[in-house]
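The values are calculated or read from the model by the stated rules, or taken from the named source; none is laboratory data. None of the values given here were measured: they were computed from a predicted structure. Heads up, the Cβs are rebuilt from the backbone with ideal geometry, glycines too, and the neighbour counts pull from every protein chain shown.
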Amino acid sequence: MATLDKTSLQLPKENPEAEDFLPLLGTDHVELYVGNAKQAAHYYMAAWGFQPLAYAGLETGLKDRVSYVLQQDKIRLVLTSPLKSGGDINRHIDAHGDGVKAIALWVDDATKSYKETTQRGAESYMEPTTIKDDQGEVVLSGIHTYGETVHIFVERSNYSGVFMPGYRKWEPHYRPSDVGLKYIDHMVGNVGWNEMNKWCEFYAHVMGFAQLVSFDDKDISTEYTALMSKVMSNGNGRIKFPINEPADGRKKSQIEEYIEFYNGAGVQHMALATDNIIETVSALRDRGVEFLTVPATYYEDVLDRVGEIDEDLAPLRDLGILIDRDDEGYLLQIFTKPILDRPTMFIEIIQRKGAKSFGKGNFKALFEAIEREQASRGTL
């Protein structure tokens, strides 16, 4: 198994306001509850270039569920489906459709992480549990967050197996090439009206995060809709969680649409980083991934706004990639249409060229593009 490096322990604090009492080394994996894990795994392999890693199910002794584990560089996805009717996984899928259940965070000490967070008020999801096989042991613990989303703390320093005990290596013949995705840059949660500050305070008090940036309805608004957002980050900057809530507007915002179809708060999107967004997006588009588009007029004055960039503008324009700059550099980003039947989760592709921000200069063009999609669905 490709391992996550420990360089975060030597990195200077990117967010000096954060207490960082856990600390967090990175994102270990993201688990999605899905209606058909076998078919979902094929989609993420064929369309997104993820590689098969591990499997758990009837053949490994599980009787109630099946999980496929996929990996691309430092990104690991676990796709889990129930094998019988009833139970929490079925109920979760019935309520929310396919969606993120667990954001698993890599730690040195899962027991300490559990104690630190529950003592500060987090609701327990899983008490510290050690699972073992002949490759070693993994310690897991977990807490509840917004909606039905949970954080799992994963301590795997004493494990050398393919993923964790209970899984076996998964080696299908079909192994499409990757598309250059490197790591999870950030994960965005949508919460209900007037809940953003509550959950930002949760990440600050319970997990030692600090606010990186805040956007209000003046920053993120169009003629019709608006939303508010704050970005919470741990000290080393490896974990960034923007939290969105609706704001008053003339029509139904994308956050309201999400909450209506997801039936509550949940993960809106994952931002996946690449070192070459033109190559990555070209490959994704060729594999059938659909992206939001902005009017051609966006590119008429974009370089006047962001200044000189390394890339030719033509391929960025052809692919619909957005550009923004902050004091430390610039970034390139693009957003898919919803990747599920419900208009809930989507994926962002991002390439940072020094920028630490989140594309504020693109908000208006982006959210107008989202509104056009909402209008086509009759949900604006």
**Request:** Identify all residues within segment 75-99 that are among the charged types (D, E, K, R), closer than 23 Å to V188 by Cα and assigned to a loop (DSSP other than H, G, I, E, B); write none if there are none.
**Result:** D98
**Message:** I'd like to know if segment 180-187 contains one or more residues that are closer than 30 Å to E279 by Cβ, at pLDDT 90 or above, touching an Asp or Glu at 6+ places or on another chain (Cβ under 8 Å) and in a loop (DSSP other than H, G, I, E, B).
**Reply:** yes
**Request:** Among the residues of segment 312-354, write down those that are of a type in the set (G, A, S) and part of a loop (DSSP other than H, G, I, E, B).
**Result:** G320
**Request:** Return the only residue of S376, S357 being closer than 24 Å to N234 by Cα, of a type in the set (G, A, S), modelled with pLDDT under 95 and not in a strand (DSSP E or B).
**Result:** S357
**Message:** Which count do you get for residues in segment 27-51 that are farther than 15 Å from L181 by Cβ and in contact with a helix residue (DSSP H, G or I) (Cβ under 8 Å, 6 or more places away or on another chain)?
**Reply:** 4
**Message:** Quick check on segment 291-311: of everything there that is touching a helix residue (DSSP H, G or I) at 6+ places or on another chain (Cβ under 9 Å) and not in a helix (DSSP H, G or I), which residue is nearest to T336 (Cα to Cα)?
**Reply:** F291
**Message:** Considering only segment 299-310, I want to know if a residue exists there that is in contact (Cβ under 8 Å) with a residue 24 or more places away in the chain, outside the structural domain of I93 (by TED's automatic domain parsing) and among the hydroxyl-bearing types (S, T, Y).
**Reply:** no
**Request:** Please find, within segment 278-323, the residue that is surrounded by the most Cβ atoms within 10 Å (Cβ to Cβ) out of those that are of a type in the set (V, I, T) and over 26 Å from the mean Cα position of the chain (by Cα).
**Result:** V302
